[in-house]
Amino acid sequence: MRPRRYGDAGQAFPIYITVVGGLLFLAFAYFAVGQAAVNRNGAQTAADAAALAAAQDQRDQLAGAWVQNLLDPAKWQDIFNGTAEGIAPSCWRADQLAAQNDAVVLSCLPDGLLGYTVVVETNDTVGESIVPGTEGKKSQEKATAVIKPRCEFELPTEEVGEGTLPLLTCKGTEWELDPEDSEDPLPKPEDLFDVNLAD
């Protein structure tokens with residue numbers, strides 16, 4: 001009978017340690033990737049919210065301008081095109097929403113006449129990991145929100161009576177506007193304009 005050898009078990013132990021060490025390294029690497037993904041997602045959420053907030057503020061201002069010029073239908077189309085007079089910048093709303101999502105606005109610019117593009121950066125860093133340099137790295141993301149008019153109308157080609165306003169059709173809903181009827185509600189901003197993130 002041959003004696004049992006134990007040398008093979010001793011040789012396998014370093015291999016086992018190497019494999020376990022490699023698996024731990026991969027686990028930490030995946031964790032670092034997950035940290036970065038969470039940070040980027042937070043930045044994108046903040047950018048989306050900031051761009052939407054700025055566009056919604058502009059939409060509300062345009063709707064207010066439409067109400068102010070209700071009796072002057074000749075100005076309606078300019079308002080729906082975004083060229084109403086007295087519209088103030090809306091980036092202050094982007095700053096607010098970015099702050100609520102733990103980020104700061106790096107840039108906020110009008111995207112044409114009907115929209116805003118916002119770039120934000122997270123306040124939090126990715127954090128320490130086995131990947132060098134992540135402890136101070138912040139995420140930046142960009143989003144664009146656009147305003148789309150929902151309504152159509154036709155100006156009368158001839159006088160149809162003083163105070164008579166065009167029929168306003170907003171995505172299938174018809175508004176017969178009567179400025180003398182205080183009980184008949186006017187369209188709300190969301191009836192007049194859609195606000196969406198750009199694709």
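The values are calculated or read from the model by the stated rules, or taken from the named source; none is laboratory data. Keep in mind that this is a model prediction, so the values were computed, not measured. All Cβ positions, glycine included, derive from the backbone under ideal geometry; neighbour counts span all protein chains shown.
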Show the residue pairs that are 6+ apart or on different chains and have beta-carbon atoms under 6 Å apart, the first residue being within the range 54-74 and closer than 12 Å to Phe193 by Cβ, the second being surrounded by 18 or more Cβ atoms within 10 Å (Cβ to Cβ) and β-branched (Val, Ile, Thr).
Ala55/Ile147; Ala55/Val195; Gln56/Val195; Arg59/Ile147; Arg59/Val195; Leu62/Ile79; Ala65/Ile79; Trp66/Ile79
Say whether the condition of being at pLDDT below 95, of a type in the set (A, V, I, L, M, F, W, C) and closer than 25 Å to Asp191 by Cβ is met by at least one residue in the range 106-122.
yes
Being at pLDDT 95 or above, part of a helix (DSSP H, G or I) and surrounded by fewer than 17 Cβ atoms within 10 Å (Cβ to Cβ): is that true of Gln11 here?
no
Search the range 187-199 for residues that are surrounded by fewer than 17 Cβ atoms within 10 Å (Cβ to Cβ) and modelled with pLDDT of 95 or more and pair each with any residue that is part of a loop (DSSP other than H, G, I, E, B) and not hydroxyl-bearing (Ser, Thr, Tyr) when their beta-carbon atoms are under 9 Å apart and the residues are at least 6 apart or on different chains.
Glu190/Arg150; Asp194/Arg150; Asp194/Lys171
Result of the Cβ filter at 8 Å on the range 144-166, keeping first residues that are at positive phi and partners that are at pLDDT below 95, at least 6 apart or interchain, is Gly163/Leu71; Gly163/Pro179; Gly163/Glu180
Select from the range 26-65 the residues that are buried (at least 18 other Cβ atoms within 10 Å of the Cβ), over 20 Å from Asp124 (Cβ atoms) and modelled with pLDDT under 95 and list them in ascending order.
none
From the set of residues in the range 78-89 that are without any contact (Cβ under 8 Å) to a residue 60 or more places away in the chain and either in a helix (DSSP H, G or I) or of a type in the set (Phe, Trp, Tyr) (or both), which is nearest to Leu186 (Cα to Cα)?
Ile79
